[in-house]
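Asks: Dropping a structure here in structure tokens format, bear with me for questions.
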Amino acid sequence: FGSNALLMSIAFIGILGILNFLGTRYHGRLDVTANQTNSLSPLTIQVLKGLKEPVRATAFYTTHSDRTTVENMLREYSLQSDKFTYRFVDPEAEPTIADEYKVQFDATVVMERGSRREIASATDENGLTNAIVKVSQDTQPTVYFTTGHGEHSPTDSGNNGMSLVVGALEGENYKVQTLDLTTITSTLPSDIAALVIAGPKQPFDPAEAKTVKDYLSNGGRAVIMLDPQVVSGLDDVLGDWNIK
């Protein structure tokens, strides 16, 4: 009986050792909340797993602020990628660091990659992930809205404007510019990520339509929104994609 007890004790200790070894190297988590409130979105996970260089989050929280939610979220972020780390700094206790990061408000999170820094617009998942995207990119892609044909304006905040769309794009680290195709002599700007044609009232001339067609034929991306019964001048462009 004594020998069996000794062997069982050794086996039990060995199993605990193995579990501890695996636990320090592999993280498995299960969100049992009804709405998966503790789970990161697929987009956030994709961004974190796609990090090529280390990104560090510095969360500036005084002792007066509740940091529980953001701390839990940053911990979840760090479990998705070994290139993401975080730390907390009390701006009242360490004002020099807060000044260095140009932090003016309590409960501020700054993402950092090398010498690049980006203050998160919010401390929820959307704000944190967008800040990671911004700080991870060396260049800022541009979405161009065409002008000159009565299109809906990207700066108009009225019912017919596109300002809400522009705000969403800028929140995803896109720069938004307008583009007059009559000024294009050869190709569209090299920083173009997509072309938006938002409800033109007057037709594009053949040269402009050819510019759009050539751009799409070379792998370009566009959002073309046409109102009913409006002659757009883009029939040749749309016909290639069987769009009616």
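Asks: Would you please classify the overall shape of the range 31-143 from the alpha carbon gyration tensor, given that a ≥ b ≥ c denote the square roots of the eigenvalues, rounded means a/c under 1.5, and beyond that prolate means a/b larger than b/c while oblate covers the rest?
Replies: The shape class here is oblate.
Asks: How large is the convex hull of the Cα atoms of the range 79-226 per residue, expressed in Å³ as a whole number? Intermediate values should be presented prior to the final figure.
Replies: Working: hull volume 23.9 nm³, N = 148.
Spread over its residues, the Cα hull of the range 79-226 gives 162 Å³ apiece.
Asks: Mind checking which lysines have their C-alpha under 19 Å from K52, skipping anything on the same chain fewer than 8 residues away?
Replies: The qualifying lysines are K83, K134.
Asks: Within the range 139-234, which chymotrypsin sites (Phe, Trp or Tyr not before Pro) sit in a loop by DSSP and count at most 16 neighbouring Cβ atoms inside 10 Å? Present the calculation step by step, with values, prior to reporting the outcome.
Replies: Numbers: sites: Y144, F145, Y174, F204, Y215; in loops: Y174, F204.
Taking the range 139-234 and a limit of 16 other Cβ atoms within 10 Å, the loop chymotrypsin sites (Phe, Trp or Tyr not before Pro) found are Y174.
Asks: Separate question: Tell me the per residue accessible area of the range 119-184 using a 1.4 Å probe; a whole number in Å² is fine.
Replies: 50 Å²
Asks: So, in the range 137-244, how many Lys pairs have Cα atoms under 22 Å apart, if the pair is 8 or more places apart or on different chains?
Replies: Lysine pairs satisfying the spacing and distance rule in the range 137-244 number 5.
Asks: Write down the Å³ per residue value for the convex hull defined by the alpha carbon atoms of the range 153-220.
Replies: Details: hull volume 6.6 nm³, N = 68.
Spelled out: Cα convex hull of the range 153-220, divided by residues, is 97 Å³.
Asks: A follow-up question, please. I'd like the Karplus ³J(HN,Hα) series for the range 138-146: coefficients 6.51, -1.76, 1.60, θ = phi - 60°, whole numbers in Hz, and an x wherever there's a Gly or Pro.
Replies: 7, 10, 9, x, 10, 9, 9, 9, 6
Asks: Additional query: Computing the accessible area with a 1.4 Å probe over protein heavy atoms, can you report the carbon and sulfur percentage for the range 142-244?
Replies: 51 percent
The values are calculated or read from the model by the stated rules, or taken from the named source; none is laboratory data. All figures in this text were calculated on a predicted structure; none of them were measured in a lab. Here Cβ is always computed from backbone atoms with ideal geometry, including for glycine, and neighbour counts include all displayed protein chains. Note: accessible area is taken over every heavy atom of the protein model, side chains too, but ligands, DNA and RNA are not part of it. Shrake-Rupley method; radii C 1.70, N 1.55, O 1.52, S 1.80 Å.
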